[in-house]
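Inspection log for the structure reproduced underneath, given as structure tokens.
We did not get these values from a lab; they are worked out from the coordinates using the rules stated. Note that the coordinates shown come from a computational prediction; the quantities given were computed from them, not determined experimentally. Neighbour counts run over all protein chains shown; Cβ positions are idealised from the backbone, glycine included.
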Amino acid sequence: MPQAMKIAIVDDEQDMRQSISQWLALSGFETATYARAEDALKEIGPDYPGVVVTDIKMPGMDGITFLKRLMSQDSTLPVIMITGHGDVPMAVEAMRIGAFDFMEKPFNPDRMTELAKRASQTRRLALDNRALRRELGDGTVLVKKLIGSSAVMERLREDILDLGQADGHVLIDGETGTGKTLVAHALHAVGPRAGRKFVQIACAAFDPEALTARLFGPIEDGSTTLPAVEEARGGTLCLEDIEALSPTLQARLLTFINEQGSPAETRIIAVSNLQEQDKTVEDMLRPDLFYRLAAMKITLPPLRNRGEDILTLFNRLSDQFAEEYGCDAPEVTAQEAAQLMQAPWPGNVRQLINIAERAVLQNRRGSGTIASLLMADNEASQPVMTTEGKPLKEYVEAFERMLIDNTMRRHKGSIAAVMEELCLPRRTLNEKMAKYGLSRADYL
Ligand SMILES: Nc1ncnc2c1ncn2[C@@H]1O[C@H](COP(=O)(O)OP(=O)(O)OP(=O)(O)O)[C@@H](O)[C@H]1O
Ligand SMILES: [Mg+2]
């Protein structure tokens, strides 16, 4: 049971104060009574953990002025107004200023309890959301998730906090695995839309017709998912691989954006995932759409440009994996540290996570070096040309397939034994077997 909500009761008539207070105390509220609004104001601050019930006609500060003062310091505070018989214009005025509701004298006690409950639930939600936003606003949650203290990362965190509060559309780009999707989520989570929907669509995963239907409808008969633009209404629509939009869909998206007006009801976060080095997202989108989306732009720096962060990330991640696997994290020698910092990291943070996991497994087994992991990984993922004009990657892959095949054979399809011998996490082993068309059933 969460902590009881307070109810501040403000009324110049003592009988009235007492009876409301007694009744609500019986219903489980912690009550406080005030004869004058001025006194109540001294105790009710912006984060007041409760709601206010106030009379309108009082000597000194009247209920309407009191309400205005309360609203100016915290517009989410529920204030219930007590109105005399026939005070309809007064009640209307109070509602316009921001009162939660009003009760007419004489009271119906059950209605009063019901109102107080509803108001305090509203209050608790508002305070919870506010606390969450503050925590995120501090960046504490982000700092935890987004590891790194280089200047670019510090700047990135500030940008997320600033842009998170804004309404304009955002374009995020950067190499694969640099954290674009993570940042898109963070932008939504730190802003005022945090409680609303975050709808994420991987544009490249659909053919043009299916994508049109997924984004704008019509939806298939019997399907319960709404078109994304409907589903995300009032929240964030995150479009991954924005460059995959056909010209027709780009036009459609532009119309949608233009029709929304300003500030936009639904915020669009477009994520560009261009793999080709010589093309930018700007080349792939019609200019008017590009400028609408890129009003705010975040570019994630590649890992190789983040200096010391590489080591921080490696250490933090290998600690996490060591805990997961119940073993020690590998110690990084000076030479290995230099190698980590000089590696090209084409797969960026995602690749680093993978290396950290494999380093931990290797350490548990008691053999192998970080250097060998790095070398195998970076060579395998970068097409290095040999004298024969054939990428080294192909040789490495052929070798890797042979190795996994042999080991599976020797262990008669025991995945655990193969993981152990090759120092591969289960996920990686599964991925590689799928990639090379190897099936466990063939070895049993
Ligand atoms: N600074 C960081 N600190 C800790 N983890 C991070 C950081 N940046 C990214 N990650 C993690 O790295 C992985 C890859 O990040 P993410 O999926 O956001 O990259 P991406 O740029 O969207 O990749 P892709 O282009 O392939 O979609 C995720 O597991 C994410 O949580
Ligand atoms: Mg992504």
Q: Highest first, please rank the peptides 71-84, 409-422 by the mean number of other Cβ atoms sitting within 10 Å of their residues.
A: 71-84, 409-422
Q. Residue by residue, what Karplus-based ³J(HN,Hα) values in Hz, rounded to whole numbers, does the stretch 353-363 have, using 6.51, -1.76 and 1.60 with θ = phi - 60° and x for Gly and Pro?
A. 4, 5, 5, 4, 5, 5, 5, 5, 5, 5, 5
Q.
Give the aspartates and glutamates whose C-alpha is closer than 17 Å to that of residue 57, dropping any in the same chain fewer than 8 places away, or say none.
A. 11, 12, 13, 15, 38, 39, 87, 93, 101, 104
Q.
Two decimals, Cα atoms only, Kirkwood Rh: what is Rg/Rh over the stretch 6-135?
A. 0.94
**Q.** J(HN,Hα) series, the stretch 415-421, from Karplus relation 6.51 cos²θ - 1.76 cosθ + 1.60, nearest Hz, glycine and proline x
**A.** 4, 4, 5, 5, 4, 5, 5
**Q.** Overall dimensions of the chain as given by Cα atoms, namely Rg and Dmax in Å
**A.** 30.2, 98
Q) Which residue, chosen from 186, 298, 171, occupies the Cα position most advanced towards the positive end of the dipole of the chain, where the dipole is computed from +1 (Lys, Arg) and -1 (Asp, Glu) charges on Cβ about the Cα centre? A) 186
Q: Name the residues whose placed amide hydrogens come within less than 5 Å of the amide hydrogen of residue 31, ignoring near sequence neighbours (fewer than 5 apart) on the same chain.
A: 7
Q: Would you kindly calculate the translational diffusion coefficient of the stretch 139-301, applying Stokes-Einstein with the Kirkwood radius from alpha carbon pairs, for 4 °C and a viscosity of 1.567 mPa s, and quote it in µm² s⁻¹ without decimals?
A: 80
Q. Taking the mean number of other Cβ atoms within 10 Å as a proxy for protection, how do you rank 358-365, 36-43, 237-244 from highest to lowest?
A. 237-244, 358-365, 36-43
Q) For the stretch 168-178, what does the Karplus curve 6.51 cos²θ - 1.76 cosθ + 1.60, with θ = phi - 60°, yield as ³J(HN,Hα) per residue in whole Hz, taken in order and with x for Gly and Pro? A) x, 6, 10, 10, 10, 9, x, 5, 5, x, 8
Q) Among 14-21, 186-193, 203-210, how do they line up from the highest to the lowest mean number of other beta-carbon atoms within 10 Å? A) 186-193, 14-21, 203-210
Q. So for 47, 278, 55, fewest C-beta neighbours within 10 Å to most, what's the order?
A. 278, 47, 55
Q: Name the long-range amide H neighbours of residue 300: under 5 Å, sequence gap of 5 or more, or other chain; modelled H, no Pro or chain starts.
A: 173, 174
Q: List, largest first, the extents of the alpha carbons of the stretch 163-242 along their principal axes, each in whole Å.
A: 38, 29, 17
Q | Relative contact order (%) - criterion: Cα under 8 Å, at least six apart; region: the stretch 139-301 | A | 34
